[in-house]
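The values are calculated or read from the model by the stated rules, or taken from the named source; none is laboratory data. For clarity, every value in this text was computed on a predicted model and none was experimentally measured. Counting neighbours? That spans all protein chains shown, and the Cβs are built from the backbone with ideal geometry, glycine included.
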Number of protein chains: 2
Amino acid sequence: MFGRSYYCGEVAESAVGESVVLKGWVQRRRDLGGLIFIDLRDRSGVVQIVFNPDISKEALEVAEKVRNEYVLDVRGQVVKRDDSTVNPNIATGKIEVLVSDITVLNEAKTPPFMIEERTDAAEEIRLKYRYLDLRRPDMYSVFKLRSDITKTIRNFLDDEGFLDMETPILTKSTPEGARDYLVPSRVHAGEFFALPQSPQLFKQLLMVSGFDKYYQIARCFRDEDLRADRQPEFTQVDIEASFMSQEDIRAMMEKMMKKIMLVTKNIEIETPFPILKYDDAMARFGSDKPDTRFGMELNDVSHLVKDSGFKVFSGAVSSGGQVKAIVVKEVADQYSRKDIDALGEFAARYGAKGLAWMKVEEAAMKGPIAKFFSEAEQADLCEELSAQPGDLILFVADKSSVVADALGALRLKLGKDLQLIDESIYQFLWVVDWPLLEYDEEAGRYSAAHHPFTMPVREDIDKLETNPAEVKAQAYDLVLNGFELGGGSLRIFEKDIQEKMFKALGFSEDETKEKFGFLLEAFEYGTPPHGGIALGLDRMVMLLSGSSSLRDTIAFPKTASASDLLMKAPDVVSEQQLQELHLDLVQKKD
Amino acid sequence: MFGRSYYCGEVAESAVGESVVLKGWVQRRRDLGGLIFIDLRDRSGVVQIVFNPDISKEALEVAEKVRNEYVLDVRGQVVKRDDSTVNPNIATGKIEVLVSDITVLNEAKTPPFMIEERTDAAEEIRLKYRYLDLRRPDMYSVFKLRSDITKTIRNFLDDEGFLDMETPILTKSTPEGARDYLVPSRVHAGEFFALPQSPQLFKQLLMVSGFDKYYQIARCFRDEDLRADRQPEFTQVDIEASFMSQEDIRAMMEKMMKKIMLVTKNIEIETPFPILKYDDAMARFGSDKPDTRFGMELNDVSHLVKDSGFKVFSGAVSSGGQVKAIVVKEVADQYSRKDIDALGEFAARYGAKGLAWMKVEEAAMKGPIAKFFSEAEQADLCEELSAQPGDLILFVADKSSVVADALGALRLKLGKDLQLIDESIYQFLWVVDWPLLEYDEEAGRYSAAHHPFTMPVREDIDKLETNPAEVKAQAYDLVLNGFELGGGSLRIFEKDIQEKMFKALGFSEDETKEKFGFLLEAFEYGTPPHGGIALGLDRMVMLLSGSSSLRDTIAFPKTASASDLLMKAPDVVSEQQLQELHLDLVQKKD
């Protein structure tokens, strides 16, 4: 322990009688009947230290001057507390330390917020004084968990024969979908490095090198607008292996997650994980990362309503769209028309033009659209949806992507609102059989659903030229409780297939050569079949720690405008620095 | 093993009789007496596979078409080799595999250089085809060692209670001596992030947070001219702890190095390491990172020559400089005047205006300057230097820094040239009692010898204002075989001392506030005493693997002009990217 006898929170009953040295922060001071009691805190917890004039008048005098967050070095004897003063809420509650010597190692001003388990301090203040925010015990737990998770991952992958390898941060701009952070070169005027969005190409090159099994807990960078909960730099557990099948890789990841859950959470999870096809996930849950901890699945009722008198439904079906419904059980009397209108507004954010609804009653359906459906049609709907009296049925009619987005989001919202989700469950699952390409309406061309190096299903390769939308990828995403924990795939390792892929993505031959010539060349020198996966570490920590934000899993995060409020970054630089980098600033227009 | 029975190099004699599946690269094919022999290689080594028409005609026919570096999937039976064909040079030399099935997984062009243990390929070609260079077994060994070293470090530090924590890569420019890499912000026009030269401030803030024990295997960045053997991005083992003394930290590092040497090299090293004071290291070896695997120490002979007739010597002493000598044992007859002139030219590169010399003979000293010294003076010199007939004495007279640089470098060169160094020894040592500040002649002010956060020796704090050059630092460098392996110190944790330090460095109050206001503020909220160390991982791998260059320890290194020859980075970017970053390129002048 180097100069200390124990961490504060670990002074056990077995230490009674020992002379100890402790170091820590003043959590709280109480003066009581001529004695002073201090809760001394370090990362492990607190211990009560007592200043008694009969033990040391000098120590008591010093203690009179200490305030919250002072840093102390104390020496004293561990004694049992009276039964009446035992504190069952802390690990050290049965003992206290009678202090004979005290040194104030450093003083402290009153912090801008209390150092306590839960805080209601504004996030801006917490980020500005991050070093104080991190003193809070719940923050320490998150980073202890993070350290334990990475340790478990490393031990597991080491045992599986993976080599921990580093790849460059100063690298080349490659089109992986997001915007790159750039780093101007001083030596090469007018040229720039890019920070990697992932080590994808490097890890593939390491497979070309025959390294066989690579991993890295890798920092990645994306210069995106930080809507929602994103960070400009994030960490992924990056894994690549040669000669392994999709099934091999999935089995290995299941084994790893099982170990992580056991070691860090003491939870036994079941393997293998359920496997959902992408099409089924979208059809049943309206999501490619479904939360399957509760039901309320999407049901396609197009065939029942295609000829109905309700033109919104029949029209949607006849124009190639669909009508789907979710059944919200036993809530018909809880949801007023106004409540349902609010749900409609929510659905509208996901593109739905309207939210139709019916309430099931003993005799018939109720609601503004009920009249468009005959008794028989109503009965068929109820049977198809297993709807019972008291249930609320919500419908969206639109093209399939809008139906999925809107009803999928609505399902999740209702699941949370109605507390249908058992938050104690960790529900892992795989989503497989992804489409290889997505049509990007805006750009008017296909883009890669995962990335341009994903291996198509062998039988679909010819369709790359004839019907790209139909090509399936040998890709697999790991989903936990409705969050994408990671994505992986087998990779293209044959030059001609990679060239076809680039062509399907609309790259010209020149572009391909310019940007990926080195990769195509590498593929000519004996590249093994390979594949891998990347897991989002920040998100894993968030889900396993029960944190509500990625920012709580990163020691020094950035705000939504990509600023570091503590150090004040980014910041202006000197004219000389700009000159060395051959740059001018474009003047802002007023 | 997921689809394979063994790695190629690990098919043991105990596997004889087994049906196995192997995957790997064709190292070499030989056709002999109707059979085909292939050395199949993977990262673990090679195994001989045999194609025999009696086993499978089809397999033989496929084997006829394979060439070097093809990727194969083979199935067959492990058999013992005839005694006459046993190959004692490889681990699998007693067996071979009779192939019944073969699949060519990928083909290969002829590589631009042979994939073999040692290569004479030009480094430019090796870097351009790095994925092939990395296939060479000696490269694999280096990265296996690197992975093993980091694993050992992590296990050790985990056991010691250290938390593995990540700190930002997109951060703020701070003056740590070297030039920063900058990253323009898109969101904040005209502002820049800087890539960290080290996580120094973050790890100190984590101590303010009470994390107590932090480590990170951290990427660091310096935009320096890459003279000698430097890389723009490098990796350090970054360690910080609270409440530990200098001695605690050194003892812990010794324990860690002992474990690394034992686990990765199977070498028992002795601890504690020798401790040299900075002044003694400079005096005896002319270096702050002395290689003490051999003698030939520097000797101050100023007192013997200050009144001599040789004006170069007496003049140097009288003007405040010194005269020092090294004795090169038993080489007087090997070094001609021309050879010694060459040594003089070498010394001149380190600032020496001349290299004086004498050869010791039975009767007297020889050499151009011998005549300036009386018989008694010569005898005194020989006695002081323990010089014997046959020895060569080399002198440098100058101010002390030049004497140290020139004679120190000469000592190292001669140690190598004369093979005085036992390369099998790993000689660790500590250099302590560093000066806190160095006077920067060019800038006309003091700069930090380590960094501005190093704690001065307590008794010297007052001298910060009166005599900064005399202030010693609570700093310690770890040296291995003449290389700086790492540097550490206790840190300033009191606001007033930090302010004095910034003042001694010539920072104005405004500058201090602007750049380090957050740190000074943090120090006001109960900062514990803390300290740490950072070890250069790339260099450690270089020394432990016996590599001759840092580039051989980094999977994808940059060249001396900071370029990535494989991916071609840095590179030009689009006009749109520049616009988004609010930047213009300064046009190059013709």
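Before we move on, is A:ALA283 more than 10 Å from chain B (Cβ to nearest Cβ) and surrounded by fewer than 23 Cβ atoms within 10 Å (Cβ to Cβ)?
So A:ALA283 fits the description; yes.
Looking at region A:128-150 only, could you name the residues that are in contact with a strand residue (DSSP E or B) (Cβ under 8 Å, 6 or more places away or on another chain) and either aliphatic (A, V, I, L, M) or at positive phi (or both)?
Scanning region A:128-150 gives a single hit, A:LEU132.
Determine, yes or no, whether A:ILE425 is more than 24 Å from A:GLU240 (Cα to Cα) and touching a residue at least 40 places away in the same chain (Cβ under 8 Å).
Spelling it out, A:ILE425 is indeed more than 24 Å from A:GLU240 (Cα to Cα) and touching a residue at least 40 places away in the same chain (Cβ under 8 Å).
When region A:523-552 is examined, which residues are found to be farther than 16 Å from A:MET253 by Cα and at the interface with another protein chain (Cβ under 10 Å from one of its Cβ atoms)?
A:PHE523, A:GLU524, A:TYR525, A:GLY526, A:THR527, A:PRO528, A:PRO529, A:ASP538
Quick check on region B:476-493. Is at least one of its residues of a type in the set (Lys, Arg), within 14 Å of chain A (Cβ to nearest Cβ) and surrounded by fewer than 21 Cβ atoms within 10 Å (Cβ to Cβ)?
Within region B:476-493 (the criterion being of a type in the set (Lys, Arg), within 14 Å of chain A (Cβ to nearest Cβ) and surrounded by fewer than 21 Cβ atoms within 10 Å (Cβ to Cβ)), the answer is no, since none of the residues qualifies.
Touching a Cys at 6+ places or on another chain (Cβ under 7 Å) and away from every other protein chain (no Cβ under 14 Å) - does that describe any residue in region A:84-100?
no
Has region A:137-147 got any residue that is within 8 Å of chain B (Cβ to nearest Cβ) and within 22 Å of A:PHE211 (Cα to Cα)?
There is no residue in region A:137-147 that is within 8 Å of chain B (Cβ to nearest Cβ) and within 22 Å of A:PHE211 (Cα to Cα).
So, in region B:1-39, of the ones that are of a type in the set (A, V, I, L, M) and without any contact (Cβ under 8 Å) to a residue 40 or more places away in the chain, which residue ends up surrounded by the most Cβ atoms within 10 Å (Cβ to Cβ)?
Looking at residues that are of a type in the set (A, V, I, L, M) and without any contact (Cβ under 8 Å) to a residue 40 or more places away in the chain, I get B:ILE38.
Look through region B:194-205, keep the residues that are more than 7 Å from every other protein chain (Cβ to nearest Cβ) and under 16 Å from B:SER489 (Cα atoms), and return whichever of them is surrounded by the most Cβ atoms within 10 Å (Cβ to Cβ).
Result: B:PRO199.
Out of (1) part of a loop (DSSP other than H, G, I, E, B); (2) at the interface with chain A (Cβ under 9 Å from one of its Cβ atoms); (3) out of contact with any strand residue (DSSP E or B) (no Cβ under 9 Å at 6 or more places or on another chain); (4) buried (at least 16 other Cβ atoms within 10 Å of the Cβ), what's the single condition that is false for B:SER561?
Unmet for B:SER561, out of (1) part of a loop (DSSP other than H, G, I, E, B); (2) at the interface with chain A (Cβ under 9 Å from one of its Cβ atoms); (3) out of contact with any strand residue (DSSP E or B) (no Cβ under 9 Å at 6 or more places or on another chain); (4) buried (at least 16 other Cβ atoms within 10 Å of the Cβ): (4).
Which of the residues spanning region A:242-262 are loosely packed, with under 15 Cβ neighbours inside 10 Å and among the aliphatic types (A, V, I, L, M)?
A:LEU262 - this is the single residue of region A:242-262 that is loosely packed, with under 15 Cβ neighbours inside 10 Å and among the aliphatic types (A, V, I, L, M).
Residues B:ILE115, B:ILE169, B:ILE153: which one is more than 8 Å from every other protein chain (Cβ to nearest Cβ), of a type in the set (Val, Ile, Thr), under 30 Å from A:LYS558 (Cβ atoms) and in contact with a strand residue (DSSP E or B) (Cβ under 9 Å, 6 or more places away or on another chain)?
B:ILE153
Just to confirm my filter: which helices (runs of 4 or more DSSP H) fall fully inside region B:458-531 and include at least 2 residues that are assigned by the TED database to the domain that holds B:LEU543?
none
If I filter region B:53-101 down to residues being aliphatic (A, V, I, L, M) and in contact with a Leu (Cβ under 6 Å, 6 or more places away or on another chain), which single residue comes out as farthest from A:SER209 (Cα to Cα)?
B:ILE55
Each row is one residue, and each column tells you yes or no for (1) more than 9 Å from chain A (Cβ to nearest Cβ); (2) farther than 12 Å from B:GLY531 by Cα.
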{"position": "B:TYR214", "(1), (2)": "yes, no"}
{"position": "B:ILE217", "(1), (2)": "no, yes"}
{"position": "B:ASP229", "(1), (2)": "yes, yes"}
{"position": "B:PRO232", "(1), (2)": "no, yes"}
{"position": "B:THR235", "(1), (2)": "no, yes"}
{"position": "B:ALA241", "(1), (2)": "no, no"}
{"position": "B:MET253", "(1), (2)": "yes, yes"}
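Inside region B:92-106, can you point out the residues that are buried (at least 18 other Cβ atoms within 10 Å of the Cβ) and either assigned to a loop (DSSP other than H, G, I, E, B) or among the small types (Gly, Ala, Ser) (or both)?
Once the filter is applied, which keeps residues that are buried (at least 18 other Cβ atoms within 10 Å of the Cβ) and either assigned to a loop (DSSP other than H, G, I, E, B) or among the small types (Gly, Ala, Ser) (or both), region B:92-106 yields only B:THR92.
Is region B:245-263 home to any residue that is polar (S, T, N, Q) and touching a helix residue (DSSP H, G or I) at 6+ places or on another chain (Cβ under 8 Å)? Working first, answer last.
Restricting attention to region B:245-263, the residues satisfying the condition of being polar (S, T, N, Q) are B:245-246.
Narrowing the set further to residues that are touching a helix residue (DSSP H, G or I) at 6+ places or on another chain (Cβ under 8 Å) leaves none.
Within region B:245-263, not a single residue is polar (S, T, N, Q) and touching a helix residue (DSSP H, G or I) at 6+ places or on another chain (Cβ under 8 Å).
Restricting the search to region A:172-182, which residues are at the interface with chain B (Cβ under 7 Å from one of its Cβ atoms) and either surrounded by fewer than 23 Cβ atoms within 10 Å (Cβ to Cβ) or closer than 25 Å to B:LEU134 by Cβ (or both)?
Of everything in region A:172-182, those that are at the interface with chain B (Cβ under 7 Å from one of its Cβ atoms) and either surrounded by fewer than 23 Cβ atoms within 10 Å (Cβ to Cβ) or closer than 25 Å to B:LEU134 by Cβ (or both) turn out to be A:LYS172, A:SER173.
Residues in region A:264-276: is at least one within 20 Å of the chain's Cα centre (by Cα), within 14 Å of chain B (Cβ to nearest Cβ) and farther than 30 Å from A:ILE492 by Cβ?
yes
Within region A:112-137, count every residue that is farther than 26 Å from A:ALA63 by Cβ and without any contact (Cβ under 8 Å) to a residue 40 or more places away in the chain.
Final tally of qualifying residues: 8.
Quick check on my filter: what residues within region B:155-169 are under 25 Å from the mean Cα position of the chain (by Cα) and part of a loop (DSSP other than H, G, I, E, B)?
B:PHE162, B:MET165, B:GLU166, B:THR167, B:PRO168, B:ILE169
Does B:LEU544 count as surrounded by fewer than 22 Cβ atoms within 10 Å (Cβ to Cβ), of a type in the set (A, V, I, L, M, F, W, C) and under 20 Å from the mean Cα position of the chain (by Cα)? Write out each step before concluding.
Numbers: surrounded by fewer than 22 Cβ atoms within 10 Å (Cβ to Cβ): yes; of a type in the set (A, V, I, L, M, F, W, C): yes; under 20 Å from the mean Cα position of the chain (by Cα): yes.
Here the answer is yes, as B:LEU544 does meet what is asked.
Yes/no per residue for (1) within 19 Å of B:GLN197 (Cα to Cα); (2) free of Cβ contacts under 8 Å to residues at least 60 places away in the same chain; (3) of a type in the set (Val, Ile, Thr):
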residue: B:GLY482; (1), (2), (3): no, no, no
residue: B:ILE497; (1), (2), (3): no, yes, yes
residue: B:ALA522; (1), (2), (3): no, no, no
residue: B:ALA534; (1), (2), (3): yes, no, no
residue: B:VAL541; (1), (2), (3): no, no, yes
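Quick test for you: out of A:GLU377, A:GLU362, A:GLU423, pick the one residue that is assigned to a helix (DSSP H, G or I), farther than 30 Å from A:LYS203 by Cβ and modelled with pLDDT under 95.
A:GLU377 is the lone residue from the list that is assigned to a helix (DSSP H, G or I), farther than 30 Å from A:LYS203 by Cβ and modelled with pLDDT under 95.
Among A:LEU40, A:LEU105, A:LEU60, A:LEU72, which is the only one that is among the aliphatic types (A, V, I, L, M) and more than 14 Å from chain B (Cβ to nearest Cβ)?
Just a single option satisfies the conditions, and that option is A:LEU60.
Residue check: is A:VAL86 over 20 Å from B:LEU519 (Cβ atoms), touching a residue at least 12 places away in the same chain (Cβ under 8 Å) and not small (Gly, Ala, Ser)?
No.
State yes or no: is A:LYS109 of a type outside the set (Asp, Glu) and either buried (at least 18 other Cβ atoms within 10 Å of the Cβ) or in contact (Cβ under 8 Å) with a residue 60 or more places away in the chain (or both)?
Here the answer is no, as A:LYS109 does not meet what is asked.
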